[in-house]
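Laboratory data are not the source of any read-out in this text; all were calculated from the coordinates shown. Just so it is clear, the model here is predicted, and its values are computed rather than measured. Virtual Cβ from ideal backbone geometry, glycine too; neighbours counted across all protein chains shown.
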Amino acid sequence: MVVSSGGNLSIRQGENLIVTRHDSVLSSLTTGDLVRTGLTRDDAAALHASSELPVHRAIYLATDARAVAHAHPKHTISLSLASDKSEIAGIPVVGTGVALVPGAFQDEIASALTRHSLVMVRGHGSFAIGKTLDEAVRITIEFEEKCRGLAMDKTR
């Protein structure tokens with residue numbers, strides 16, 4: 001689902017969150033790849049967190065999610081680029097017509113996740129929420145498989 005250091009994961013713990021460090025290799029995480037920081041405040045640790053930290057924070061503040069998975073699944077990204085729709089297979093797509101930078105669209109992503117368990121960011125990937133990290137990752141994988149099927153249907 002991700003290439004080397006692409007994507008990031010986090011879990012909420014009360015008024016804090018644990019998020020993967022910038023450039024972590026998700027397939028072989030160690031405790032050194034995890035950053036504990038405040039949900040609403042920056043501290044010295046936040047400097048080492050994923051560049052998507054503002055998005056993770058916004059999601060936790062807007063939803064009751066306990067975990068967030070951000071990935072760059074190739075079929076999900078391809079479909080988001082191939083369509084100008086604001087929704088694909090019932091999932092909202094944010095980021096249309098705007099240059100993408102890490103941490104962008106945090107308010108739109110968080111808002112969409114109050115109504116859905118996954119949101120697509122056009123040309124960038126997806127954010128999924130769950131009660132556990134396993135649940136957020138499962139939602140991401142299931143949607144990528146759905147997008148793979150939709151992409152194959154378009155090529156027939």
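Please work out the Kirkwood hydrodynamic radius for the chain, using every pair of different C-alpha atoms, and report it in angstroms with one decimal place. Working shown, then result.
Details: mean 1/r = 0.0645 Å⁻¹.
Its Kirkwood hydrodynamic radius stands at 15.5 Å.
In 5 Å bins starting at 0, how do the alpha-carbon pair distances of the stretch 15-61 split up by percent?
Histogram of Cα-Cα distances, whole percents per bin: 5, 25, 35, 20, 12, 3.
Any chance you could list the semi-axes, whole Å, largest first, of the equivalent ellipsoid that the Cα gyration tensor gives for the stretch 5-84, using √(5λ)?
23, 16, 10
What's log10 of I(q)/I(0) for the stretch 44-100 at q = 0.17, 0.25 Å⁻¹, Debye sum over Cα points only, no solvent?
Debye output, listed in q order: -0.76, -1.18.
When the chain is modelled as a GNM with alpha-carbon springs shorter than 10 Å, which of Thr63, Thr140, Thr20 fluctuates the most?
Thr63
Please report the net charge: other residues with Cβ closer than 15 Å to the Cβ of Leu61, K and R +1, D and E -1.
Taking every other residue near Leu61 into account, the sum is -2.
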